[in-house]
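Everything below concerns the one structure shown next.
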Amino acid sequence: MKLNGIRLFNKGSIAATLAALLAIPVAEADVLRIGVATAGGGDPVTFSGSPLGIVRNQQLLEKAFAGSGTDVQWFFFKGAGPAVNEALSNQQLDFAYQGDLPAVVGRSNGLDTKLLAAVGVRANLYLAVPKGSPIKRIEDLKGKKVAIFRGTNGHLVMINLLAEHGLTERDIKAINLDTGSSQAALISNGVDAAFGGRELFKLRDQGLIDIVYDNPEQNVRYTRQTALVVRTAYEKEHPDNVQKVVDTLVDAAKWTSEDSHRDAVFTEWAKSNEPAESLRADFTGVPLRDRASPLVDEFLVGRYQAVAEQAKQEKLIRRPVSIDGWFDTRYLNKALEAKGLEHFWTPYAPDGKQPARDAVAATGTAKQGG
């Protein structure tokens, strides 16, 4: 007979084989799986705009877990946040890089997760049109075919922008397209306009499109937030692994935040096949230190609360979502304290402009909900 592909001839050999199999360390089969809510790019596949992308590029987690028997695996999702939710629900991921709205939708559907730290905040949403289009402002979108990636963290921002300019989603012909399809539709005039991220700058610089809105005042209501998510079951079973992941993220966030590393950061992120010029354009107007901050401050908590409330109002979720108990800042606070970084980043008040009273007040507020 056979056992795991090994032919066995007698009871003695059976016993010897079983003993050998049981002697194999269980840790060698341990896997830490990280999902990224973007298709990414490059070889190997990576992503930009976040300290977690630096972690990926420099294999910082692989180095942190070297010799532990834990294999770090990365998964990239063309379907973005909604696809990540499905993978988390099926327990196919342990951690995830995910935007605010998809995370809220997942929580409303009973997905049991914890938000551990910010991994990319204040990301702008842009409005692009085919080159030479008569559309010059958001008000001109009425009745037009507009591409948007529904269910992602840009969806609510689009709704807010339309409202600010006297329109609703019903006033446009919204077409649900992922990032790549949206760009193709813009170039081919398959849509009249599209909302998207920094990927649009590459098309602009190639002379294929115009960007007619770029959040010139850096209004935080029109920005998107992303956090590091962990399945609660995994967090409870492997707290040491969670701490190591957060420690590594904080190291990468500090490196990313250093002014002297700015060019090096864009070079690293450009490994995702996004031009460094596009990255510089996207990060104009906000210090890298603020965009890369891992802090769970009043600003971040306030934005997630606002997204949760608006998602219910817009009927994007059926059940209200409570932020209480969702943020778990224990691991982040421990990492900041151990590395002497309690005051390295500025914690902001809910408006995202005024500094919070102090770091303790900001993280303390979040901790009450964590």
Identify the single condition in (1) outside the structural domain of Leu279 (by the TED database); (2) open to solvent by less than 50 Å² (accessible area, probe 1.4 Å); (3) in contact with a Pro (Cβ under 9 Å, 6 or more places away or on another chain) that Val146 does not satisfy, given that it satisfies every other one. (3)
Only one of (1) part of a helix (DSSP H, G or I); (2) open to solvent by 50 Å² or more (accessible area, probe 1.4 Å); (3) hydrophobic (A, V, I, L, M, F, W, C) does not apply to Ile175, and that is (1)
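Within region 207-232, take every residue that is of a type in the set (Lys, Arg) and part of a strand (DSSP E or B) and give me the one that is modelled with the highest pLDDT.
Residues of region 207-232 of a type in the set (Lys, Arg): 221, 224, 231.
Imposing the further condition that a residue be part of a strand (DSSP E or B) reduces the set to 224, 231.
Values: Arg224: 95, Arg231: 98.
For region 207-232, the residue satisfying everything is Arg231.
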Return yes or no: is Arg319 among the basic types (Lys, Arg), touching a residue at least 24 places away in the same chain (Cβ under 8 Å), open to solvent by 10 Å² or more (accessible area, probe 1.4 Å) and assigned to a helix (DSSP H, G or I)? no
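In region 264-277, which residue that is in contact (Cβ under 8 Å) with a residue 60 or more places away in the chain and in a helix (DSSP H, G or I) is farthest from the chain's Cα centre (by Cα)? Break it down into steps so the answer makes sense when it comes.
Initially, region 264-277 is screened for residues in contact (Cβ under 8 Å) with a residue 60 or more places away in the chain, giving 265, 268-275, 277.
Then drop every residue that is not in a helix (DSSP H, G or I), which leaves 265, 268-272, 277.
Numbers: Val265: 17, Glu268: 17, Trp269: 14, Ala270: 17, Lys271: 18, Ser272: 15, Glu277: 21 Å.
Selected residue: Glu277.
Evaluate the following for Lys202: is it charged (D, E, K, R), loosely packed, with under 15 Cβ neighbours inside 10 Å and either part of a helix (DSSP H, G or I) or modelled with pLDDT of 95 or more (or both)?
Working: charged (D, E, K, R): yes; loosely packed, with under 15 Cβ neighbours inside 10 Å: no; either part of a helix (DSSP H, G or I) or modelled with pLDDT of 95 or more (or both): yes.
Criteria not met by Lys202.
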Within region 247-264, tally of residues that are open to solvent by 40 Å² or more (accessible area, probe 1.4 Å) and more than 14 Å from Leu336 (Cβ to Cβ): 8
Just to be sure I understand, how many residues within region 292-316 are in contact with a strand residue (DSSP E or B) (Cβ under 8 Å, 6 or more places away or on another chain) and either surrounded by fewer than 18 Cβ atoms within 10 Å (Cβ to Cβ) or polar (S, T, N, Q) (or both)? 1
State which residue pairs qualify: first residue at positive phi and inside region 278-306, second residue of a type in the set (Gly, Ala, Ser) in any location, beta carbons under 6 Å apart, and separation of 6 or more residues or different chains. none
Residues that are of a type in the set (Gly, Ala, Ser) and out of contact with any Asp or Glu (no Cβ under 9 Å at 6 or more places or on another chain), drawn from region 271-282: Ser272
Specify which of the listed residues (Arg289, Arg221) is surrounded by fewer than 19 Cβ atoms within 10 Å (Cβ to Cβ) and touching a Lys or Arg at 6+ places or on another chain (Cβ under 9 Å). Arg221
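The values are calculated or read from the model by the stated rules, or taken from the named source; none is laboratory data. A quick note: this is a predicted structure, and the numbers were derived from the prediction, not measured. All Cβ positions, even for glycine, are placed from backbone atoms using ideal geometry, and neighbour counts span all protein chains on display. Accessible surface areas use protein heavy atoms only, side chains included; no ligands, DNA or RNA. Shrake-Rupley method; radii C 1.70, N 1.55, O 1.52, S 1.80 Å.
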